[in-house]
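A quick write-up on the structure given underneath.
The values are calculated or read from the model by the stated rules, or taken from the named source; none is laboratory data. Note that this is a predicted model, so its numbers are computed, not measured. Methodologically, a virtual Cβ is constructed for each residue, glycine included, from the backbone with ideal geometry; neighbour enumeration extends over all protein chains shown.
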Amino acid sequence: MKILFYTSCKAIAMKGGTERATVSVASALSSRYGHECYSAYSIEDSAPKELCFAGELMVDGHLKTAASQIASFVQDRRVDVVVSQGSFELVIALRKAGLPRCTKLVLAHHFEPGWEVHFGDLRTCLSQLGSASGTGKVKPAVKVLCYPIYKARYTRRLRGDYQAAYMAADAVVLLSEGFSEGYKAFGGLEDVEKFRFIPNPLSCEEYLDPAAYCEKKKIALIVARLEDTPKKISLALKAWEAVKSDPVSEGWTLRIVGHGRDESRYKRLAARMRLPDVDFVGRRDPIGGGGLLHSVPVPDDFGKRRMGSDVDGGAAVRGSARRVRFLRLASRDHNRWGKRQIRSLCGCKRLCKSRARTHGGCWHAAGNGSVRHRVFQAFLLGSDC
């Protein structure tokens with residue numbers, strides 16, 4: 001089978017979440033199942049092609065031209081499936097461009113339904129205005145001055161794209177089964193037959209040697225882009241304040257790895273709250289990790305409800321944690337998985353029902369040696385806690 005993946009940016013594992021997921025899926029499809037994968041993108045990048053792709057195509061930034069180029073590529077290479085990674089507009093344009101009906105067209109949505117409205121919020125418009133220069137300031141200035149009108153039109157157009165892309169695609173892949181109703185409501189749909197549900201994949205196949213478990217240190221680790229709208233690191237800092245009020249957290253440090261536009265804001269917040277044992281280490285080389293495998297992870301979507309990783313976090317975090325022998329922590333917003341996990345960790349159903357609702361309860365589990373030992377045994381057996 002021949003499969004073409006479209007991403008706005010070039011599909012490079014270290015580029016971003018969507019690109020990394022694309023490379024992970026393409027690598028598995030090509031190496032394990034023998035499928036022939038291709039990459040199409042519209043933003044130029046000098047990085048070399050990932051080995052998982054048999055070929056790549058850079059398309060024009062104009063939507064109609066890009067759709068025509070992809071349709072021609074599909075016909076020439078006899079591609080069986082086209083996967084649009086998050087682009088509603090491309091799915092619609094490809095059908096209009098005459099994509100062969102024998103070629104399956106899949107829309108993979110990487111957010112919670114409706115989350116894209118944040119791309120048109122006032123803060124984003126102000127940021128665009130500040131970064132523009134000369135005549136380039138005209139368009140963002142109009143958005144800011146007429147923001148209520150712009151926001152309403154933007155949201156209405158987005159809802160229309162949801163509906164039209166669903167009608168044009170052969171299948172729509174969501175990160176969680178729980179997103180089907182949200183997509184249906186936001187797009188004004190009646191039909192849900194095209195929905196498929198696949199959580200994000202792991203990015204690496206290496207596993208930490210079980211013998212290294214004894215080298216673990218009391219470090220809570222967050223690795224994330226430091227932007228509060230999608231990642232909610234501010235909530236993690238507030239949770240850390242509650243954690244450090246409990247004596248069981250003695251000796252623990254919160255290490256935050258990553259960078260982004262809200263990094264200085266987070267540092268000011270931590271200083272204002274007088275948070276102890278918080279370490280902002282900035283951007284780090286993803287290869288090697290600088291001792292990160294000796295840490296305990298806090299999901300980068302700690303306590304948030306507005307991103308896809310909140311609901312696919314159960315699958316993604318479980319797999320990632322098992323790979324590096326992490327003790328997995330669950331915040332209360334990780335739904336069914338979080339509560340079930342805490343109950344099994346502590347071995348007391350009544351106690352854990354309450355503790356699953358507090359970040360301190362998670363921390364009690366992390367600080368308990370017998371609990372950590374039980375989790376480690378579960379890792380060795382390859383089972384879920």
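Of everything listed in (1) modelled with pLDDT of 95 or more; (2) exposed (fewer than 15 other Cβ atoms within 10 Å of the Cβ); (3) not in a helix (DSSP H, G or I), the single unmet condition for Gly160 is (3). Out of curiosity, is Ala165 surrounded by 14 or more Cβ atoms within 10 Å (Cβ to Cβ), modelled with pLDDT of 95 or more and either in the same structural domain as Gly86 (by TED's automatic domain parsing) or touching a Pro at 6+ places or on another chain (Cβ under 9 Å) (or both)? Spelling it out, Ala165 is indeed surrounded by 14 or more Cβ atoms within 10 Å (Cβ to Cβ), modelled with pLDDT of 95 or more and either in the same structural domain as Gly86 (by TED's automatic domain parsing) or touching a Pro at 6+ places or on another chain (Cβ under 9 Å) (or both).
Only residues that are polar (S, T, N, Q), surrounded by fewer than 18 Cβ atoms within 10 Å (Cβ to Cβ) and within 21 Å of Val106 (Cα to Cα) were counted across region 38-68, and they come to 1. For the criterion of being of a type in the set (Phe, Trp, Tyr), touching a helix residue (DSSP H, G or I) at 6+ places or on another chain (Cβ under 8 Å), farther than 30 Å from Gly178 by Cβ and in contact (Cβ under 8 Å) with a residue 24 or more places away in the chain, Tyr6 fails.
I need the full set of residues from region 185-234 which are under 18 Å from the mean Cα position of the chain (by Cα) and β-branched (Val, Ile, Thr), in order please. Even if it seems obvious, please write down each step before you answer.
So the first thing to find is which residues in region 185-234 are under 18 Å from the mean Cα position of the chain (by Cα), and the list is 196-204, 221-234.
Matches in region 185-234: Ile198, Ile222, Val223, Thr229, Ile233.
Within region 169-180, can you find the residues that are in contact with a strand residue (DSSP E or B) (Cβ under 7 Å, 6 or more places away or on another chain) and either part of a helix (DSSP H, G or I) or over 21 Å from Val83 (Cβ atoms) (or both)? Across region 169-180, the qualifying residues are Glu177, Ser180.
Any residue at all in region 176-188 that is hydrophobic (A, V, I, L, M, F, W, C) and over 17 Å from Phe111 (Cβ atoms)? No. Ser39 - would you say it is part of a strand (DSSP E or B), within 18 Å of the chain's Cα centre (by Cα) and either within 23 Å of Pro113 (Cα to Cα) or not β-branched (Val, Ile, Thr) (or both)? For Ser39, the condition - part of a strand (DSSP E or B), within 18 Å of the chain's Cα centre (by Cα) and either within 23 Å of Pro113 (Cα to Cα) or not β-branched (Val, Ile, Thr) (or both) - is not met. The set of residues in region 93-123 being closer than 29 Å to Arg261 by Cα and outside any helix (DSSP H, G or I) consists of Ala108, His109, His110, Phe111, Glu112, Pro113, Gly114, Asp121.
What number of residues in region 192-202 are over 22 Å from Trp115 (Cβ atoms) and at pLDDT below 90?
1
Of the residues in region 174-193, how many are surrounded by fewer than 17 Cβ atoms within 10 Å (Cβ to Cβ) and of a type outside the set (A, V, I, L, M, F, W, C)?
Filtering region 174-193 for residues surrounded by fewer than 17 Cβ atoms within 10 Å (Cβ to Cβ) gives 177-178, 181-182, 185, 188, 190-193.
Those left that are additionally of a type outside the set (A, V, I, L, M, F, W, C): 177-178, 181-182, 188, 190-191, 193.
Selection size over region 174-193: 8.
Scanning region 245-254 for residues that are surrounded by 18 or more Cβ atoms within 10 Å (Cβ to Cβ) and out of contact with any Gly (no Cβ under 8 Å at 6 or more places or on another chain) turns up just one, Leu254.
The set of residues from region 30-51 being modelled with pLDDT under 95 and hydrophobic (A, V, I, L, M, F, W, C) comprises Ile43, Ala47, Leu51.
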